[in-house]
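Comments concern the structure below.
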Amino acid sequence: MEQFKLSDRLRSFVADIFIPQYHYPFAVPITFVQVLVTLLYLLLLHAMGLAPLKPYSLSLGERLLVPSICGSAQAVLGVWAEASAHSGMYALTMRLLPLLCVGWSHGLRLAVPPSVHLTSLITVITLTSVTITASQGLPSVEVLECLYAPLALLLHSLSLTWLAKVAETERQRHSSSHTSPFDLYFTLMVNQSLVLGFLCLLHPEGPRALGEGSWHSLLFMGYLLAILLLGALQHLLVDMAALTYSPLAAALLHTAHRLTRPLYSLL
């Protein structure tokens with residue numbers, strides 16, 4: 001939890017400097033390269049024998065197609081919110097992620113959905129946090145953010161819950177030699193690289209991202225590398241929590257520090 005909180009704060013700090021200073025708000029290319037960095041990291045761990053990976057499976061890739069598409073779109077919207085959204089609506093909306101994961105857990109019929117007591121506790125904490133933040137007011141209301149924030153919330157919650165469902169199915173099918181979480185995550189990243197790569201070819205940001213970057217500046221490249229590495233680490237921790245434990249655990253890992261921050265004002 002502390003490692004994720006630290007990486008999230010550090011990434012937000014670097015992004016707040018990098019994007020305005022270099023006018024580099026290209027969400028699709030940044031997300032695509034971030035996925036490639038994650039794939040390179042996984043392959044490096046495999047080469048070192050620290051995380052043995054099975055070859056890419058087309059059947060498994062098909063079962064992970066929905067979280068691949070949803071996760072890719074949500075990641076793009078997340079970078080877009082950092083670059084272009086300033087009302088705070090995106091961050092406020094994402095605090096509802098644990099509640100939606102609870103709903104999807106029941107909807108997709110996970111083997112062990114969250115209990116009623118845990119759901120009630122999370123509901124009280126979430127609604128209290130959202131109410132306190134909303135009562136303090138938002139700087140401005142942006143139409144695009146009001147549209148994209150709920151969409152990102154829906155996509156992220158569905159992606160995490162679907163990942164958990166696939167992992168659960170794999171454990172039940174192959175009890176003796178089941179597919180490991182790293183195998184599932186590797187397959188997910190291959191799928192996302194294909195989805196985002198195709199989106200980069202269609203999106204007009206692709207050529208602009210190459211032409212408008214300050215590639216001669218080591219400081220520019222250092223900031224960009226920090227954003228890519230920290231973003232890849234965050235997605236790895238959250239998705240692995242969904243694959244290993246539950247979508248609710250992943251959602252709490254992603255939002256716990258934002259949920260609890262307004263509650264300190266009550267103490």
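The values are calculated or read from the model by the stated rules, or taken from the named source; none is laboratory data. No experiment lies behind these values; they were computed from the predicted model shown. A quick note on method: Cβ atoms are made from the backbone with ideal geometry, for glycine too, and the neighbour counts reach across all protein chains shown. Calculation scope for accessible area: heavy atoms of the full protein, side chains included, ligands and nucleic acids excluded. Shrake-Rupley method; radii C 1.70, N 1.55, O 1.52, S 1.80 Å.
Would you list His254, His106 from the most to the least accessible area, probe 1.4 Å? Please list the in-between numbers first.
Numbers: His254 35, His106 100 Å².
I get His106, His254, largest accessible area first.
Shape analysis of the range 17-69 places it in the oblate category; the axes a ≥ b ≥ c from the Cα gyration tensor give an a/c of at least 1.5, with a/b not above b/c. Its Cα centre serving as origin, the range 121-267 has a Cβ charge dipole (Lys and Arg +1, Asp and Glu -1) of approximately 280 debye.
From a point 7 Å beyond the Cα of Gln172 in the direction of its Cβ, which residues of the range 90-119 have a backbone N at a distance under 13 Å? Under 13 Å, as judged by backbone N against the label point of Gln172, lie 108-113 of the range 90-119. For Met48 and Leu6, the FRET efficiency from 1/(1 + (r/R0)^6), where r spans their Cβ atoms and R0 equals 22 Å, is about 0.35.
With a 1.4 Å probe and all protein chains left in place, how much accessible area per residue does the range 109-267 have, in Å²?
On a per-residue basis, the range 109-267 sits at 53 Å².
Restricting the calculation to Cα atoms, every distinct pair contributes to the Kirkwood radius of the range 79-134, found to be 12.7 Å. Only Cα sites of the range 146-247 enter the Debye sum here, all with the same form factor; the resulting log10 I(q)/I(0) across q = 0.25 1/Å is -1.32, listed in q order. Between the labelled values (i) -0.57, -0.97, -1.08; (ii) -0.60, -1.10, -1.21; (iii) -0.52, -1.03, -1.18, the entry that holds log10 I(q)/I(0) by the Debye sum over Cα atoms at q = 0.10, 0.14, 0.15 Å⁻¹ as derived from this structure is (iii). Put simply, when 183-189, 151-157 are sorted by average Cβ atoms within 10 angstrom per residue, most first, you get 183-189, 151-157.
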